[in-house]
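Contents: one structure, followed by commentary.
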Amino acid sequence: MSRTVLDLWVGFFVVISAAALLFLSLKVGSFAGFNSAPSYVLQAPFDDIGGLKVRAPVKSAGVVVGRVSDIRFDPQTYRAVVHFSVDARYEFPRDTIATIMTSGLLGEQYLGLEPGADVEVLKGGDTVQMTQSAVVLEKLIGQFMFNRAAE
């Protein structure tokens, strides 16, 4: 085999390996471009979102049912408004509760949905009215220290 053919095969292998590595890294990073399933967008206002980030998972009963798509600050209510997409296969009642939760003690934060019992379901563009903000560890420690100092 000539040197040129060998170099060509090595180059071909390197390009294929780089493409496979890129594909895997995007899949592991939950890149939204690979998710072509139909979904609908909901929003929920929170007093404190803690460390919630865009593309964080939305879970119900431990199952990922969507992703956080946008986080904005509402200057009229002084609250954070979280926009998230939910897979169209899953419908949630209108009285669903949205909670910002943490994976483990100091893990990443995600949006948890706890379904209610209402007959009507949420549709695209609706707002989840009942929310529970993130538990911020620094605030808990500060309250504990303040209470200890007051005693």
Long-range neighbours under 7 Å by Cβ, at least six apart or interchain, first residue within 22 Å of Val119 (Cβ to Cβ) within the stretch 65-92, second assigned to a loop (DSSP other than H, G, I, E, B) and hydroxyl-bearing (Ser, Thr, Tyr)
Val65/Tyr90
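What do you reckon, is Gly124 surrounded by fewer than 16 Cβ atoms within 10 Å (Cβ to Cβ) and modelled with pLDDT under 80? Give the steps one after another, and end with the answer.
Values: surrounded by fewer than 16 Cβ atoms within 10 Å (Cβ to Cβ): yes; modelled with pLDDT under 80: no.
Considered against the rule, which asks whether it is surrounded by fewer than 16 Cβ atoms within 10 Å (Cβ to Cβ) and modelled with pLDDT under 80, Gly124 comes out as no.
Any residue at all in the stretch 13-23 that is surrounded by 11 or more Cβ atoms within 10 Å (Cβ to Cβ), under 16 Å from the mean Cα position of the chain (by Cα) and of a type outside the set (D, E, K, R)?
Within the stretch 13-23, the first condition is being surrounded by 11 or more Cβ atoms within 10 Å (Cβ to Cβ), and the residues that meet it are 23.
With under 16 Å from the mean Cα position of the chain (by Cα) added as a condition, the list becomes none.
Within the stretch 13-23, not a single residue is surrounded by 11 or more Cβ atoms within 10 Å (Cβ to Cβ), under 16 Å from the mean Cα position of the chain (by Cα) and of a type outside the set (D, E, K, R).
The values are calculated or read from the model by the stated rules, or taken from the named source; none is laboratory data. Worth saying up front: this structure is predicted, and the values here are computed from it rather than measured. FYI the Cβ positions are ideal-geometry reconstructions off the backbone, even for glycines, and counts take in every protein chain you see.
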